[in-house]
1. Sort the stretch 339-423 into rounded, prolate or oblate with this rule: let a ≥ b ≥ c be the square roots of the eigenvalues of the Cα gyration tensor; rounded if a/c is under 1.5, and if a/c is not under 1.5, prolate when a/b is larger than b/c, oblate otherwise.
2. At a 1.4 Å probe radius, carbon and sulfur cover how many percent of the accessible area of the stretch 141-280?
3. Please report the accessible area of residue 457 (heavy atoms, 1.4 Å probe, ligands and nucleic acids excluded) in Å², nearest 10.
4. Compute the distance in nm between two label points, each set 7 Å from the Cα along the Cα-to-Cβ direction, one at residue 411 and one at residue 249.
5. Lysine pairs in the chain with Cα distance under 25 Å, only those 8 or more apart or on different chains: how many are there?
6. Of the trypsin sites (Lys or Arg not before Pro) in the stretch 33-112, which ones lie in a loop per DSSP and count no more than 13 other C-beta atoms within 10 Å?
7. Restricting to DSSP loop positions (anything but H, G, I, E, B) with no more than 15 other Cβ atoms inside 10 Å of their own Cβ, which chymotrypsin sites (Phe, Trp or Tyr not before Pro) remain in the stretch 231-308?
8. Skip the ligands, DNA and RNA, and give the accessible area per residue of the stretch 271-374 with a 1.4 Å probe, whole Å².
Amino acid sequence: MGASGNLTRTKLAPALFSLYHKGRLPEHLHIVGVARDNLDDQQFRDQLRGSIPEATDQEWDEFATRLTYATVDVTSADDLWALYRRLDEFDPDENGKLNCLYYLALAPSLYEPTISALSAAGMADDRQGWRRIVIEKPFGSDLNSAQRLNRHVHDVFREEQVYRIDHYLGKETVQNLLVFRFANSIFEPIWNRNYIDQVQITVAEDVLVGERGEYYDRSGVLKDMFQNHLLQLLALITMDPPYAFAADALRNEKVKALSAVRRLSLRDVRDNLVIGQYDGYHYEPGVAPGSHTPTYAALRLYVDNWRWHGVPFYLRSGKGLSRKTTEMVIQFRSPPHMLFPVPDDTVIPGNTLSICVQPNEGIRLEFQSKVPDEDLGMKPVSLEFHYHDGFAGIDLPDAYERLLLDALEGDAALFTRSDEIELAWSIIDPIVHGLDLPGAPAPFRYLPGMDGPPNGEELLLSDNRRWIPGC
Ligand code: BG6
């Protein structure tokens, strides 16, 4: 649903084609594009063809036989009922069941009316085959609206039928964080406050707001990136080991981690948050004149539990920055005692572990080494793993491939549960409200192509720390 939109063209169709090409789609899978535009099947296929340039004509023609189109107002139960009847034409699975996955690639304002219409058309009833619904972000625009949406969803679908997307969870390198932590035994014993001094998470983008000004101006970086992607990364770094890689086991641990994140009081916001706005943001189409919407934020958080007490987590994200990079840096403590002859005030930095999510996917561990032929001189060197070396010849799939396949297979491990979403909003809401208070700081300006506003650095300097370049 939302088949003529941008997400379908740029992400969903290429991911489905790639899965098809790799032979991973179920044999009888049909894809019905649904939108209000008046198109026939061929026009719909032609619309998507351009977004999959890598397909040969023959490959495309084969794939296109799986694609049909229906002109439907998704908020109308009558339209959906007519669509539902059409689905009966398709082949059932080997058990004689017709299973349906509804993908809402829609404007968020359409989620509730669409879910009501699905219910009225009887499309959530899973007695004749499974029925699942995929809901894109943003899931709500604050805690209240997310709770309301969850209630609405649960009036119609059971939680296990619901797949809320955060595409960061589908990224290979984000999944690898779990493998790295829990399929190796040497990191988990030191993954705590006794050994870790601080953690930094950076999701930097060089792109500007572009054509999304109207949506972005109502959201800003805190709702657009922190509430979902950055807090998910934080949860994966801080959670305890789940007993299995299973949806609820994993999500229960993330929920515990997010519950332990210290909520900032409105007054704390000033001391723990820096916001910025790139120069020229006001001229973006759809942006309100004089808007104070932040396009950059740096935030200090604490996780108040036994494992992380006192360890600061510095999170930052922004648009219009010098480069696109997503990285997590774990800074370990300095050695407790220095036995090598170094000048009195020298502090030997602790080891640094950098997990590079994109674009230089890999992991780097920095440690001190003796400089050869120099008494006891020391220098940081690194052990590095790069995907392009370790897994040469294997292209990293787009996150949507993994997520679409998981939703088709009924594996919700990499989707967010209702309580996770609400916890994440409960962390972000007071921060956003703090910015609305009289006297709240206006965002600092920065030039596109810089590393954000200069005071993004000051947040860390006040703790005698700096941003550590990771990848
Ligand atoms: C989206 C945000 O969720 O993530 C966008 O709405 C952002 O503003 C995008 O650009 C970043 O995703 P990625 O995969 O390019 O890092």
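1. Here the stretch 339-423 falls in the oblate category.
2. Of the solvent-accessible surface of the stretch 141-280, carbon and sulfur hold 48 percent.
3. Looks like 50 Å² after rounding.
4. 1.3 nm
5. So the count works out to 24.
6. 97
7. 243, 245, 306
8. 46 Å²
The values are calculated or read from the model by the stated rules, or taken from the named source; none is laboratory data. Bear in mind the structure is a predicted one, so any value in this text is a computation, not a measurement. So basically every Cβ, Gly included, is an ideal-geometry build from the backbone, and we count neighbours across all protein chains shown. The area values use the complete protein model at the heavy-atom level, side chains included, leaving out ligands, DNA and RNA. Shrake-Rupley method; radii C 1.70, N 1.55, O 1.52, S 1.80 Å.
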